[in-house]
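One structure below.
Where a number appears in this text, it was derived from the coordinates with a stated rule and is not lab data. Values in this document were obtained by computation on a predicted structure and should not be read as measured data. Glycine also receives a Cβ, built like all others from the backbone with ideal geometry; neighbour counts cover every protein chain displayed.
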Amino acid sequence: MVFTEIIEDFIPAGRANRSGLKLSGPKWITIHDTANTRAGAGAMAHARYLKGDEAAKLPVSWHFTVDDKQIVQHLPLNEVGWHAGDGLNGTGNRSSIGVEICENQDGNREKAEANAAWLVADLLQKFLLDINQVVQHNKWSGKNCPRVLRGRPNGWEQFLTAVEQNLKENIFPDVPASHWAAEAIKFVKDNSLMTGKSNGNFYPDEPLTRAQMAVVLKRFYDFLHKKPYTKNLKKKIKIRRRRKLRGELKAKFNG
Ligand SMILES: [Zn+2]
């Protein structure tokens, strides 16, 4: 699991590289490399570039820049950016979220790719997209981009595998491993104190009714006090784990 902070630093509305157009979908996540190896050319430097006149004049814009330390968001996720090189009405521009991975020589490229994989997994889940909807800039315009991933043997495959790994680590489809309450949600799930809904999602932002709260409290009371049912080894192991956990919890509450 990678936890990476996303910093919002939008290109000001009204600038020539703010399209103001509604993004269709999004249906795709387009991956780029910045092709900028200069020292200091990290995510914040690209945020400054996008707010400047040079980027406005082109115009060029994209949604996220990722380096080894942070992720900066430059555009709202429902707005078209100009990054795919397939024109005003291109599918890439009109229906994909653009993610740039930094190549600055003073940064850790491996970490930047790991952060990007985390972000892409997060976006796939947010918009209910599939791994096949993660594509290279090359798909839209034929440009050799993302050039680092394309240039390294199996680079692109490795990146997609890292995205899939992030997807697997999530607790529910709508609860990524990076969610602020991930540990607590994993606990209530593993110990059957709370479950997901029929479609498998947890809906972490939905409210709980008083009746549901009472059910959870009753389950928690039983979890702490009742003698567990022993039938087979698998269950015994589970029970041992539960006893250990119960001891830890009691110590926590008493301490
Ligand atoms: Zn590109």
How are the Cα pair distances of segment 86-161 distributed, in percent, across 10 Å bins from 0?
16, 50, 30, 3
How big is segment 157-206 along each principal axis, measuring the range of its Cα positions in Å and listing the largest first?
38, 21, 19
So what does log10 I(q)/I(0) come out to for segment 41-122 at q = 0.24 Å⁻¹, using the Debye formula with one equal point on every Cα and no solvent?
-1.16
Grab segment 70-193 and count how many Lys pairs have their alpha-carbon atoms under 24 Å apart, sequence gap of 8 or more, or different chains.
8
Using Cα positions and a limit of under 20 Å, work out the aspartates and glutamates in reach of residue 252, with same-chain residues fewer than 8 apart set aside.
183, 190, 222
Semi-axes of the equivalent ellipsoid for the chain, Cα gyration tensor, largest first, Å
43, 20, 17
Lys and Arg at +1, Asp and Glu at -1: neighbours of residue 168 with Cβ under 14 Å from its Cβ sum to -2
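In square nanometres, what is the average projected area of the Cα convex hull of segment 82-122?
Values: hull surface 13.9 nm².
That works out to 3.5 nm².
What whole-number value in cubic angstrom gives the convex hull volume per residue for the C-alpha atoms of segment 119-234? Provide the component values of the computation, followed by the final result.
Details: hull volume 18.2 nm³, N = 116.
Hull volume over Cα atoms, normalised by residue count, gives 157 Å³.
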Could you tell me what percent of the DSSP beta bridges with both partners in the chain are antiparallel, to the nearest 5?
25
